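Inspection log for the structure reproduced underneath, given as structure tokens.
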Amino acid sequence: MPKIQIMSDLLSNRIAAGEVVQRPASVVKELIENSLDAEANEIIIHIEDGGRELIRVTDNGTGMERDDLLLAFEQHATSKLFDFEDLTSIKTLGFRGEALASIASVSRIDARTCNNDRSEGFRLLMNGGKVDRLEAFAMKQGTSVTVRNLFFNTPARKKFLKSANSEYRYIVETIRRFALGSPNIRFHLTADGKDVFILPPSDLNDRLRQLFSPRYSENLVTVHQEEPPFVLKGYLGLRELVRRKGGEQYLFVNGRLVSDRMMNSAVYSAFGHNLDKGEFPFFLLFITLPPEDVDVNVHPAKTEVKFRNEWQIYQFIRRCTEFTLKDFPGKSPVENIDFRSFVSGGQSPISVPPRLDGEQMTLASQEAGEKSNPSEPSLSVEPENFSLDERIRRFEESIMGSPDSSPSPLMTEKNFWQAHGKYIFTQISSGVVVIDQRAAHTRILYDRSLKALQTASSASSQQLLFPVTIDMSPDDFSILLEIVPSLEKLGFSMREFGKNSILIEAVPADLQWLDEGRIILQILDDYKESRRLHNPVSEKIALAYAERAAIRRGESMTPAEMQRLTDELFQTENPYLSPKGKPVIIRLTLNELDRRFDR
Ligand SMILES: Nc1ncnc2c1ncn2[C@@H]1O[C@H](COP(=O)(O)OP(=O)(O)OP(=O)(O)O)[C@@H](O)[C@H]1O
Ligand SMILES: [Mg+2]
């Protein structure tokens, strides 16, 4: 008896499944790729229990005929690759003919498909890779694959699945990536019967707006460079979108999203001094090159590729991004970018689709207590824009009790300059004013939070597209429970999620400079520190929140933001002092300047 035997298909499929299918999100990825390869322009994804219970992807693509439906679930059955030559020039997302076989081997399948307009379709039921039934089935053209009980027959792998919520987040992120890569396709995701998002077909610019907060589209530059046979198109995020963690670097190679550290670093290096170590810029880039210049067959999940001449591509990407960025030196935001330079068809969209992450609030969002109206962008609280002179005068009068007088000219954005990413300079009639941006913002947030905490109303919040879970120690968890009511008044919305962990579903509307998850832990830390102190809980929490959420030193601000900040500052209790008692504003009078210049 020879020792070596050929494995059964079932066994080899299951082994392949280990590589192809790591989690529910991998199933979603493979099914969406198949739908895109089948030329669908509408893809509906339905999941239950984070995809652990059920995943269904339905498309309106070409569909399959009866025999192909059966074959599709056989290993090495593909309609996309016929000979060795084809392997060197792959134009479809799939090509191995193993995804469906692998998925089927570790789940229960209900696949339905129809390739004609006579509703003559078929339905195939499978269990752990074995065919149960194949029957005629009436449906409109397209394909729908339902995957139930993933890993039901591989308990060890099932154990490695994370909570429904984590798996859900992986799935949302997967779909989000496809949605970015194929803006012309309609994506619809429902989870446990509820709509998560519906993305109508659009151009890249609008798709970005659908998926990211408005801050993104306000801080992008368009890249479009051609050096035949290479083309690079897309968007680069400016300084404002730089984050301390990666994950927002999207590179599509011939339509396939890949992760490639070398090409990422090509972009990073183009930022030069504007990017510190450990900082990651946002980018969404599409590179097109001859299919034979890139080998996509190097990774089981097809998420990595090998470029035939990687240095050439590296240099190309670097040159293009450098060229694009050179017109935007430093940290200034860009205005009036033509986002439509490569939209499909070039027509401008009729309406802006609803945003997924709630309305982003401006610094001058709204007074505590005022509920935000999601259909209406928030306005500055003060209708008339008084000059800064006027504000200062009014403030001093309010302390000194002297009579009101007529307002001076409008305060305009043009009068604001930012220095070193931390000080705001502006001119007033008696001299110049320097404002510490962080101290000012802390004062504003502190006043607003305190007001929310001390009155019946709560501050407005923005829903998170990806709810964040935080695990903590039992001690921390019990302290957190003490302050949850206060946090909710500030605009956080959270619920208990398993033992000692919480799920953050919404954050205060004015929280826009940081990581949503971390701030809760930071507030908790500050609160723990201050528990010994005797001031009221509301003050402690307002202070912790203001300190943690205020704009950092080093963050650049647009003139409009500086104007709003100043505007808001003068509506606080004490614009001159931060909640911790540090100066916020320094005034240099003309007299003093004249004296120092010996005039
Ligand atoms: N949604 C769909 N619409 C039409 N045909 C499909 C669909 N999904 C799968 N097929 C057919 O089934 C075949 C097998 O799909 P499968 O995903 O297993 O392999 P593949 O896409 O060819 O390669 P890969 O394993 O790299 O994904 C495809 O080649 C295609 O012909
Ligand atoms: Mg496939």
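Scaled to the globular estimate 2.2 N^0.38 Å, the Cα spread of segment 50-94, given as radius of gyration, is 1.48.
Model label sites at Ser79 and Arg177, defined 7 Å from Cα along the beta-carbon direction, differ in position by 2.6 nm.
Length available on full extension from Ala301 to Asp132: 0.36 nm per residue minus the Cα-Cα distance, which gives 58.1 nm.
Note the full-extension length gain between Asp525 and Phe425 as 0.36 nm times their separation in residues minus their Cα-Cα distance, in nm to one decimal.
Gain in length upon complete extension: 32.6 nm.
Find the centroid of the Cα atoms in segment 1-48 and in segment 97-167, then give the distance between the two in whole Å. Segment 1-48 and segment 97-167 have Cα centres spaced 10 Å from each other.
Straight-line cross-link partners of Lys130 among the aspartates and glutamates, defined as a Cα under 14 Å from its Cα and at least 8 positions apart when in the same chain: Asp9, Glu74, Asp110. Cβ-Cβ distance of Glu218 and Lys3, R₀ of 45 Å, FRET efficiency by 1/(1 + (r/R0)^6): the value works out to about 0.10.
Legend: distances between Cα atoms for Lys194/Lys306; Lys29/Lys245; Lys80/Lys162; Lys277/Lys326; pairs beyond 29 Å are Lys194/Lys306; Lys80/Lys162.
Label-to-label distance for Arg518 and Ser478 is 2.9 nm, based on points extended 7 Å past Cα in the beta-carbon direction. Put a dot 7 Å past the Cα of Lys245, heading toward its Cβ, do the same for Asp67, and the two dots end up 5.2 nm apart. Compared with the direct C-alpha span, the chain from Leu590 to Thr288 gains 102.8 nm at full extension, assuming 0.36 nm per residue. This ranking places Met126, Met7 by how few other beta-carbon atoms lie within 10 Å of each, fewest first, which gives Met7, Met126.
Taken together, the values in this text are just the output of simple stated rules run on the coordinates, not laboratory data. Not measured: the values here are computed from a predicted model. Here Cβ is always computed from backbone atoms with ideal geometry, including for glycine, and neighbour counts include all displayed protein chains.
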